[in-house]
Amino acid sequence: MIQMKKRMERDQKILSRLNDLTYATREHLQILENLGGERNAQRIMQRLEREKYVSSVRYEKKIYYLSKKGQREIGSEKELKKRMIRHTIMRNDLYIQLGTPVDWRKEVSIRLNGNLLLVADAKFTQSGINHFVEIDNQQNMKNNADKIRKYKELFRVIFNQYKHHPVLIWKTQSEIRKKKLHDLCKNAGIKFEIY
C-alpha cells in the first residue's frame, strides 16, 4: 500500500516535470527527478509509456512527452508543437548544464517602452544579474545578428536602470556557428557565453 502510494507520487512528479519541460530525454528526467540508474529510469519510463501517460518519438534518442491521458492526469492543457522538439531538447540540456536555475522561465516576452522587442528562449538571474538564453538550432545568422542588436539595446536600458551588465547565453550545435556567434556578440560589445 505504501509502495503504491510512493510510486503514484513519483509518477505525478515525473508527469509534472515532463509538462514543464514539454519534451525530455530519459537522461533529463533521470537527473531532474533523481530516478537512479539508467535501467531503473528506463523501466519507469517504459511503464509510463505502456500505461499511456507518456508518448515518445525517436530522434537520436527517445524523446518523451505527455500523452492526452498524461495531460488529463495532471490537469495540463499545453499544446505541443512537434517542430520545436530539437529546440526544446537543446534548451533542456542547457537548463541542466547551468545547474537548473531556480527562477528559469521559458519563452519570455521582453518589452521596451510598451512594445515587444523580442522573445527570449529562457531567462533567469544569477547573483542578481539577468541572464537571457537563446537556442541556435538552425536559425539563420542574419536573424541571430538581429537578435543580438536587440539584446544590445535591452542591455543598455538594463545597465542604465540597474547598473549591472546582463549576460546573453547561447546554446549552439557546431564550432563554426559558435565562432560566428562569438564574433557577433563581441562586435556588439555585450557580455555573453556560448555552449
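Scan region 99-108 and give yes if some residue there is surrounded by 11 or more Cβ atoms within 10 Å (Cβ to Cβ) and of a type in the set (A, V, I, L, M, F, W, C), otherwise no.
yes
Does Lys78 qualify as being in contact with a strand residue (DSSP E or B) (Cβ under 8 Å, 6 or more places away or on another chain), over 17 Å from Asn19 (Cα atoms) and among the charged types (D, E, K, R)?
no
Just checking, which of Lys78, Lys142 is within 18 Å of the chain's Cα centre (by Cα) and either surrounded by fewer than 16 Cβ atoms within 10 Å (Cβ to Cβ) or not in a strand (DSSP E or B) (or both)?
Lys78
Can you report the number of residues in region 35-79 which are among the polar types (S, T, N, Q), closer than 27 Å to Val102 by Cα and in contact with a Ser or Thr (Cβ under 6 Å, 6 or more places away or on another chain)?
Matching residues across region 35-79 total 1.
Of the residues in region 20-34, how many are closer than 17 Å to Gly99 by Cα and either among the small types (Gly, Ala, Ser) or assigned to a loop (DSSP other than H, G, I, E, B) (or both)?
Of the residues in that region, 3 qualify.
Looking at (1) over 28 Å from Ala120 (Cβ atoms); (2) within 19 Å of the chain's Cα centre (by Cα), find the lone condition where Leu32 falls short.
The number of the failed condition is (1).
How about region 102-112: which of its residues are in a loop (DSSP other than H, G, I, E, B) and either touching a residue at least 60 places away in the same chain (Cβ under 8 Å) or of a type in the set (D, E, K, R) (or both)?
If the condition is that a residue be in a loop (DSSP other than H, G, I, E, B) and either touching a residue at least 60 places away in the same chain (Cβ under 8 Å) or of a type in the set (D, E, K, R) (or both), then Asp103 is the only one that fits.
Which residues, taken from region 151-189, are part of a helix (DSSP H, G or I), within 21 Å of the chain's Cα centre (by Cα) and touching a residue at least 24 places away in the same chain (Cβ under 8 Å)?
Selection gives Tyr151, Arg177, Leu181.
Select from region 128-137 the residues that are farther than 13 Å from Lys191 by Cβ and among the polar types (S, T, N, Q) and list them in ascending order.
Asn137 - this is the single residue of region 128-137 that is farther than 13 Å from Lys191 by Cβ and among the polar types (S, T, N, Q).
For region 35-66, which residues satisfy the criterion of being part of a loop (DSSP other than H, G, I, E, B) and crowded, with 19+ Cβ neighbours inside 10 Å?
Across region 35-66, the qualifying residues are Leu35, Tyr53.
Would you mind finding the one in Lys163, Lys152 that is basic (Lys, Arg) and within 26 Å of Gln97 (Cα to Cα)?
Criteria check complete, one pass: Lys152.
For region 81-101, name all the residues that are more than 19 Å from Glu193 (Cα to Cα) and not in a helix (DSSP H, G or I).
Lys81
Would you point out the residue of region 81-100, among those that are over 11 Å from the mean Cα position of the chain (by Cα) and over 20 Å from Asn143 (Cβ atoms), that is modelled with the lowest pLDDT?
Ranking the candidates gives Lys82 first.
Under 7 Å between Cβ atoms, at least 6 apart or on separate chains: pull out the pairs that start in region 37-56 with a residue that is more than 12 Å from Asp11 (Cβ to Cβ) and without any contact (Cβ under 8 Å) to a residue 60 or more places away in the chain and end on any residue that is outside any loop (DSSP other than H, G, I, E, B) and among the β-branched types (Val, Ile, Thr).
Ser56/Ile63
The values are calculated or read from the model by the stated rules, or taken from the named source; none is laboratory data. Quantities reported herein were computed from a predicted structural model and do not represent experimental measurements. Note that we place each Cβ from the backbone using ideal geometry, even for glycine, and neighbour counts take in every protein chain shown.
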